[in-house]
Each structure stands twice: as structure tokens, then as C-alpha cells.
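Below is one structure, written out as C-alpha cells; comments come after it.
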Amino acid sequence: MKGFILSFRSEFFKSRKTLGFWAAILLPLLICLLLFVGFYTKSERLAGMPPMLLWIQFAGAILAVMGSLLLPMFVIFIAYSVNSIEHKADTWKSLFTLPISRLSVYAAKYFYALFLIFLCLALFVLFTIGFGNLLSLVKPELRFDNYHMEDTLAKLYFKLFLSSLGILSIQFLLSLLWSDFLKPMGVGFFATIVGVITASKSWEYCYLFPYAHPMLALKLMPHNTTKGDNPQIVIDLFTKDILVGITVSALVFIGGYFIVLKKSVK
Amino acid sequence: MVIRTEGLSFNFGSQQVVKSLNLQVPEGSIYGFLGPNGAGKTTTIKLLLNLLKTQHGSIHIFEQELQKNRISILSQIGALIEQPAIYQHLSGKENLLNRALLLQVPVKRVDEMLDLVHLSNAANKKAGQYSLGMKQRLGIALALLTDPKLLILDEPTNGLDPNGIIEVRELLLKLVSQHRKTVFISSHLLAEIERMATHVGIIDGGQLLFQGSITELEALSQPLIRIEADNTVDAANLLKRKNYPVADVTDEYVYVPYTSKKQMGDINALLIQNEYVVFSISKQQKDLEKLFLSITQNA
């Protein structure tokens, strides 16, 4: 466990000056900022809108690209960047001659990638809510403050996080085995396209395909029901696609460990 | 023995790159692991560090079996394999800090190491901008960071200028004499090893051709009489007629295997009687370079 924690801290130390790390912070910041500017300049068109619809417009603009493109590509990129640090510096050999178990080294890297994705999605929630409320302050005609969807957004993004597990584990392993960028990127891009097509065509078995999960997570989600006076969005977290994603990630993670264990460092 | 291997063999596919190696590295030694490029040196080192899985034979380090005691053994080894593994986007100091963090070494040790390898002035420069020699020195600093009992260095002077080579050599000698370290160092340059090693293993084609102390290696080389004369070819012919075996003839020198001082005097007298001008005559150890070549070529 100590080896794992030390390795995890070292991952942060190594990556804190790389694009891989900053992408997790800058991506949500820039996208939310852009949206903020967009809503700010077009505020008169949106002024009459009911608060709930306003939030759905605001958050939905991001979510629309999130499932189909942004999240899968971000996951592919993070999986690559965490491993490429070692490929580029040729440091696998020195990493595996340290008195730290291979499991710790491998698991720390995997969970660090997971952490970056979590961080990125958490910041999306934070910035969406933050900029939404900021809009109601600077443009009082936009009534963002009259409806609260913090809880819904948090749940929704958490579901997106879970839906990325399958892709992450596969891309992580590909990036670990292949030192170049194009191979895992190419495979990931192709699989994402297939995922988007199957999910949007509602192919009955697409829940078995991890690259379709982010899309499915959003697609199956919003059941608009009316409970009492306020319309509610109910999110079912553990749908069968999420369960498949978690299972796939666990299996690939364990499989990857045995590959790392057997792996000879050339 | 700090390192002891028995019948260590390794195949890449169908090609056997290490053949039944029996290494014996005593404590407190500088063990020079010599061989031409592609002899199997790096493969052996990777086996010793458990980067490659042992296929046949056994490896004991500090008298412990490697596979079963991997972590405890590795915690006492500092290693430098081929080109040093350095994060180019971090500074030299950050590279050391990262390693110190991983291995829980006090931060002040980082500055000591920078000092030791003369990188204090370049500590905050990105390692990607380091020269090859600086990278190599940073690699050595990384290997020394935990104050390990055993240092395994794969061609550590590669890319260093003569000054750098001398510095590394002095550093290693100091570590062994003052801190009782054991150093296992590979090289394809005999001249470099000859000046510091206490023990030598010579490998070629994956096979260990010689192993022993440096004096044992020197004993293998037969001393020669080197004669500097005016007409070396005729002089050599004369010596042959008088039943002296001639080892070698060049434009300047004739070489005859040495047996005794009297023999040297006899040869001198013989040449002078036959009106050859002898400029000099001396006893000479066959240099290790030639010995190395003859060992690796006879295999």
C-alpha cells in the first residue's frame, strides 16, 4: 500500500508540468468560460426562459458533445499521456528496478489516470454551476438562481465517470503496450466512432461495447417525471451498460496486471 | 559473494544470448564485465535486475534468491542501464526529487548527489537540455541516491569526455575503498576497466570466457622481450635460425617470448655479434587489450 501511495504521489509530481495534467483542469474551465461568454452576449434571447430550461440549455450544450466525442477522446488522451511519460523518457526499466512491487507501479498509474478523469468531470460540474450562478449575478434577467440542479448534474457527471471506466481500462492497456501515439489513438478513435453509431442507432447489444457507454449514459438518462410541483430529472446510476463497463474495467485491469508482471523490459 | 549466478541462460526466441553463465562477484570488488558489443552484457544485467525473467539457471544476490526476494534485493541496488532514464521535462533536481519521493530518501541527499556529480549549477535546468555527459552523471546520481550496497552500471562512461571518465573512475574507486560498496560495471573498453577493476569477467557470444581477479588475468598474458633494432626483419630471421621463437615483428620491434634475464642477455649479445644495432631491449607484459582480443577471438 505504501508503494502505491508513493507511486501515486510520484505520478502527480511527474505530470504536474505536462499537458496531460493541465488538460484535466483547462478543458472544463475553457469550455465553461466559452459558454459563459456565449450566454452573456446572447442574454436577451434567453431572458424569458424558465430557469430549469435555462440550466438544461447551459449544461446540455456541454453534455451534447461530452458523450459522443469529448469524454472518449479525453479518456484516450489521458490514458496515453500517463503512459507516454515513461515511454518518452525510457524509464520503464528504472521504474521496474525500484524496490516497489510491479502491482503498485501499475495500479498507481491506472488510478492516477482515473483520478484525472474524475477531476476533469468534477470541475465540469463545479464550473457549470459556478458560471451559471455567475450569469444570474451579472445578468439578473437570466434566472439561473431560481432552479437548482447541482444534485442532478453531480449524479449525471458521476454516471459519465462510471461510463468511461471501460474505455479507460482498454486504452490504458493499449498505451502501456504501445509506445507511440497513433496506434492507441487510432484504435480508440475508430472504436469511439463505432460506439457512437451503434448507440445512436440503438443497436440492442451496444451496451456491451464500452466505447458506446458515455453516449448511452446520457441517452438513457433523462426521464422527465413530475413529482409534486417541480419537474424532476431522475437518473438511474447503475444501468446495465454501466455494470458492463465496471466489469470490463475490472477484467482488463487484472489482465493488464498479469501482462505487466510477465512483461520483459527490452 | 554479492552476485552469484549458476547456469544462467537466456533466449530471445530461438536465439540464445546468454549461455550458462556462472558469475561470481565478491563483496567490495569492482567487477569489470567485459565484452564486445552484442556479447550479452546488457541482457545479463537485465536478468540481474529482474527486468528479464530468468529462464534457466539461478541468480543469487546478497546470497538471496532473486525472484523470491526481489523487493528486498532491489532496495540495496543502484542501477544505470544503457542510456540513463531521465524525465526530460523535469529539471535534474526534480528528477532526483521524484526518485527521492518514491524511495523515501531525505531531500538533503538530493543536493549531496548533485554536488557529488558536479551538477549543482545545472540543477534547475531541464534535463532535456543536458549534454550526454551531464545526463550520464545524473543517471549515476540517481543510482547512488539510496546509498546502495551494490551498484550495477551498464557502460556508465558512454558519451563522457576524458575528464568525465576520470571523474567517474575516481568516484567509483572512492565508493569501493571508503564505503565498502561493490560495483558491477560493464564495458566494451578494456583500457577503462583495466584501471579500476579488481575482478574481471569476459563475455562473448553469451559465454563467459574468463573470470578472475585482474592479477589472474595478467598472469595469463605471457611476458615478451621487446627488441628495438635497426633491421628488424633480418634480426628476426637470425633469431629464428638460432631457435628463438619470434612472437611478432614490426618495422621497429621484434618480440620474443620472455623466459629469463639470461635469455635476454644472450639475445642482446647474439644480435650485437652479428652487427645489428640494438637501440633498446626490454621485458614487456602483453597488454590486456591484445589479451582481450585473443580471448574473445579464440572462442
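Taking H placed 1.01 Å from N in the peptide plane, check which residues at least 5 places from B:Val18 or on another chain put their amide H under 5 Å from its amide H.
Hits under the 5 Å cutoff: B:Phe10.
In sequence order, what are the phi-derived ³J(HN,Hα) couplings for region B:145-152 according to the Karplus relation 6.51 cos²θ - 1.76 cosθ + 1.60 with θ = phi - 60°, rounded to whole Hz, with x for glycine and proline?
For region B:145-152, the Karplus-derived couplings read 3, 8, 6, x, 6, 10, 10, 10 Hz, x marking Gly and Pro.
Given H placed on each backbone N at 1.01 Å, which residues far from A:Leu142 in sequence or on other chains put an amide H within less than 5 Å of it?
Amide H neighbours of A:Leu142: none.
Say a site is exposed when it is one of the chymotrypsin sites (Phe, Trp or Tyr not before Pro), sits in a DSSP loop, and has at most 10 other Cβ atoms within 10 Å; what is then the longest site-free stretch of chain A? All intermediate terms of the calculation are to be shown ahead of the outcome.
Numbers: sites that count: A:Tyr205, A:Phe238.
It runs A:1-204.
Can you tell me the length gained on complete extension of the stretch A:Ala154 to A:Ala23, counting 0.36 nm per residue apart and subtracting the Cα distance?
Details: separation 131, 0.36 × 131 = 47.16 nm, distance 2.04 nm.
Separation in residues times 0.36 nm, less the Cα-Cα distance, equals 45.1 nm.
Counting only the backbone N, which residues of region B:204-224 are under 12 Å from the spot 7 Å out from the Cα of B:Gln263 toward its beta-carbon?
Hits in region B:204-224 for B:Gln263 at 12 Å: B:222-224.
Connecting C-alpha atoms closer than 10 Å in a GNM of chain B, tell me which of B:Ser187, B:Ser72, B:Ser14 has the biggest fluctuation.
The residue with the greatest mean-square fluctuation here is B:Ser14.
Could you state the angle between the C-alpha long axis of helix A:182-200 and the longest principal axis of the C-alpha atoms of chain A, as a value from 0 to 90 degrees rounded to the nearest 10?
Between the helix axis and the principal axis of chain A, the angle is about 40 degrees.
What residue among B:Glu192, B:Glu65, B:Glu275 shows peak mean-square fluctuation when chain B is described by a Gaussian network model with Cα springs under 10 Å?
B:Glu275
In percent, what relative contact order does region A:2-262 have, based on Cα pairs under 8 Å that are 6 or more apart in sequence?
26 percent
Nearest 10 degrees is fine. How inclined is helix A:165-177 to the longest principal axis of chain A, computing both from alpha carbons?
Roughly 30 degrees, rounded to the nearest 10.
Can you pull the three principal axis extents for the Cα set of chain B, in Å, largest first?
Principal extents (largest minus smallest coordinate, Cα): 77, 46, 34 Å.
Tell me, what is the FRET efficiency for A:Ala47 and B:Gln104 to the nearest 0.05, using R0 = 60 angstrom and their Cβ-Cβ distance as r? Can you show the working numbers first?
Values: r = 59 Å, r/R0 = 0.99.
My answer for the efficiency is 0.50.
How far, in nm, would the chain grow between A:Leu243 and A:Trp203 when pulled straight, counting 0.36 nm per residue and subtracting the alpha carbon separation?
On the way: separation 40, 0.36 × 40 = 14.40 nm, distance 1.77 nm.
Extra length from A:Leu243 to A:Trp203 when fully extended: 12.6 nm.
Suppose the Debye formula is applied to equal point scatterers at every Cα of chain A; what is log10 I(q)/I(0) at q = 0.09, 0.11, 0.14, 0.15 Å⁻¹?
-0.46, -0.66, -0.98, -1.08
Where does chain A land at 222 nm, in deg cm²/dmol rounded to the nearest 500, when only DSSP H runs of n ≥ 4 count, each adding -39500 (n - 2.57), divided by all residues?
Numbers: 12 runs with 192 residues, N = 266.
The per-residue figure over chain A is -24000 deg cm²/dmol.
Please build a GNM for chain A, connecting alpha carbons under 10 Å apart, and tell me which residue among A:Ala108, A:Ala79, A:Ala89 fluctuates the most.
A:Ala89
Straight-line reach from A:Lys155: which aspartates and glutamates have a Cα under 13 Å away, not including same-chain ones fewer than 8 places off?
Straight-line reach from A:Lys155, under 13 Å: A:Asp236.
Rounded to the nearest 0.05, what FRET efficiency is calculated for A:Lys88 and B:Val233 with R0 set to 60 Å and r the Cβ-Cβ distance?
Values: r = 60 Å, r/R0 = 1.00.
Result of the calculation: an efficiency of 0.50.
Hand me the trypsin sites (Lys or Arg not before Pro) from region B:1-102 located in a DSSP loop with no more than 13 other Cβ atoms within 10 Å, in residue order please. Before the final figure, lay out each step's value.
Numbers: sites: B:Arg4, B:Lys19, B:Lys41, B:Lys46, B:Lys53, B:Lys68, B:Arg70, B:Lys93, B:Arg99; in loops: B:Lys53, B:Lys68.
Passing sites in region B:1-102 are B:Lys53, B:Lys68.
Just from its helices, what would the mean residue ellipticity at 222 nm be for chain B, if runs of 4 or more DSSP H residues each count -39500 (n - 2.57) and the sum is divided by every residue, rounded to the nearest 500 deg cm²/dmol? Kindly include the intermediate steps, with their values, before the conclusion.
Numbers: 11 runs with 111 residues, N = 299.
Calculated at 222 nm, the ellipticity per residue is -11000 deg cm²/dmol.
Evaluate E = 1/(1 + (r/R0)^6) for A:Lys219 and A:Met73, where r is the Cβ-Cβ distance and R0 equals 22 Å; express this FRET efficiency to the nearest 0.05. Spell out each step's value before the answer.
On the way: r = 18 Å, r/R0 = 0.83.
After rounding to 0.05, the efficiency reads 0.75.
If each of B:Ser282 and B:Glu216 carries a label point 7 Å out from its Cα toward its Cβ, how far apart are those two points in nm?
The modelled label-to-label distance comes out at 3.0 nm.
No value in this document is a laboratory result; all are computed from the given coordinates. Given the structure is predicted, the values throughout are model-derived calculations rather than measurements. Cβ coordinates were reconstructed from backbone atoms using ideal geometry, including for glycine residues, and neighbour counts include every protein chain displayed.
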